[in-house]
1. State the number of lysine pairs found in the chain whose Cα atoms come within less than 26 Å, restricting to pairs 8 or more positions apart or on distinct chains.
2. Is it possible to state the helix-based mean residue ellipticity at 222 nm for the chain, with each DSSP H run of 4+ residues giving -39500 (n - 2.57), the sum divided by total residues, to the nearest 500 deg cm²/dmol? What is it?
3. Find the accessible area per residue for the chain; the probe is 1.4 Å, ligands and nucleic acids are left out, and the unit is Å².
4. Rounded to a whole number, what is D in µm²/s for the range 201-252 from Stokes-Einstein with the Kirkwood radius over alpha-carbon pairs (25 °C, 0.890 mPa s)?
5. Given the options V144, L180, I193, identify the residue whose Cα lies farthest towards the positive end of the charge dipole of the range 94-205 (+1 on Cβ of Lys, Arg; -1 on Cβ of Asp, Glu).
6. Tell me, what HN-Hα J-couplings in whole Hz come from the Karplus equation 6.51 cos²θ - 1.76 cosθ + 1.60 at θ = phi - 60° for each residue of the range 101-108, using x for Gly and Pro?
7. Quick one: what does P(r) look like for the range 289-373 with 10 Å bins over all Cα pairs, in whole %?
8. Hey, what's the Kirkwood Rh for the chain if you take every pair of different alpha carbons, in angstrom?
Amino acid sequence: MTPSHTPAADPQLTRSTLWLMTIASGMVVANNYYNQPLLVKIADTFQVSESSAGMVAMLAQVGYAIGLLFIIPLGDMLRRKRLILVDFVLIILSLLLAAFSPNIYTLMAASLLIGATCVVPQLFVPMAAHLARPEERGKAVGTVMSGLLVGILFSRTLSGFVGEHLGWRAMFLIAAGLMLLLWVALYFLLPEIHPQFKGSYKSLMKSLVHLFRTEPVLRLASIRGALSFACFGGFWTTLVFLLEGPPFFAGSDVAGAFGLVGAGGAIMASVMGRLSDRFDTRNIQLATLAMILVSYIVFGFFSYSIMGLVVGVILLDLGLQGSHISNQTLIFSLHPEARNRLNTVYMFTYFMGGATGTILASQAWQLWQWNGVVLVGLVFSVLALAVHVLFSSKRGRAA
């Protein structure tokens, strides 16, 4: 079905290729998060409740999970560069649909499509792991992930500023233009990788279930990731609601500026990747998951202090990225020929966790305001820590 190739046929991971994938990961994933600082403005435009506007953010996460499940496995079956370039066309169309949405339901559908198509970074991460030397795999994954995390966090800063001065629709138009420029850069600069999988799409999808059933390390990493990302999604979706009320009375630009705080920590992702290459994964997970739990304790006690929120954001983002990169470094060591499918299983579970945290936090805000959000975060972070402590001890250093 696809031409066979030897490992020598694949290009080496150069510094320029690594940086291209890192920057592209950040730019693409940002599309999935532009909506979060804009939710209040979106609610005002369409005259809907904050929880209904929160559905826009939640559907982006669900869409991402759908894209992970049905698109990312194709990276093991089709030429990687060609798949990425075709997907970019769909990204641009989805962003334009969001920009010109006449009602909240069209915007929800557009958000779902944006999430489903903006999964390209999850092709770049296993691509970096594939091209890197084994002893530098964690470093390569961490570098691409640093771009992805910075993109997530800076997206809020950019969209908050644009939304405050140009309106929320302008943000999606700007994003579509950026994606067109990025498509051109990838067309000329991204190397091609030929696939190894020679079966059908049906057998490709069936292999996802087989991997999940037979790899306990993959299951554990996926559950840890889902629970920790639920904490992340819940906080960032509802932060704009907290900041618009007393004592802050701040606009979307201030909510977006918090992305700058987390971005400082996200830049440390490459460092966490190096640590994952050298140290006991179980201890790294214990420390990073504990940071997520502590961040929500800080959010609970210091929610009416900007400095308290800043400290909590730093802890949350450092904890999440450390746990996430450690998880990915682990799973990429399992089956080199199936890295896209391993990443699919992990990231699908991961983003379903994020979507769950987003919707539960939005509902908790409607019922109990910020205390409800903190409660949701505490429950998920305690569960993540408990799952790790209970199950990783049975697998030693590898889990």
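The values are calculated or read from the model by the stated rules, or taken from the named source; none is laboratory data. The structure displayed is predicted, hence computed values, not measured ones. Positions of Cβ are backbone-derived with ideal geometry, glycine not excepted, and every protein chain shown enters the neighbour counts. Calculation scope for accessible area: heavy atoms of the full protein, side chains included, ligands and nucleic acids excluded. Shrake-Rupley method; radii C 1.70, N 1.55, O 1.52, S 1.80 Å.
1. Details: K81/K139; K81/K198; K81/K202; K81/K206; K198/K206.
The number of close lysine pairs in the chain is 5.
2. Helix-only estimate at 222 nm: -27000 deg cm²/dmol.
3. Numbers: 15120 Å² over 399 residues.
Averaged over the residues of the chain, the accessible area is 38 Å².
4. Working: Rh = 14.1 Å.
Result for D is 174 µm²/s.
5. Going by the charge dipole, the pick is I193.
6. Values, residue by residue: 4, x, 8, 5, 6, 5, 5, 4 Hz.
7. P(r) over the range 289-373, rounded to whole percents: 16, 35, 30, 14, 4.
8. Values: mean 1/r = 0.0481 Å⁻¹.
Averaging 1/r across every pair of different Cα atoms and inverting gives 20.8 Å.
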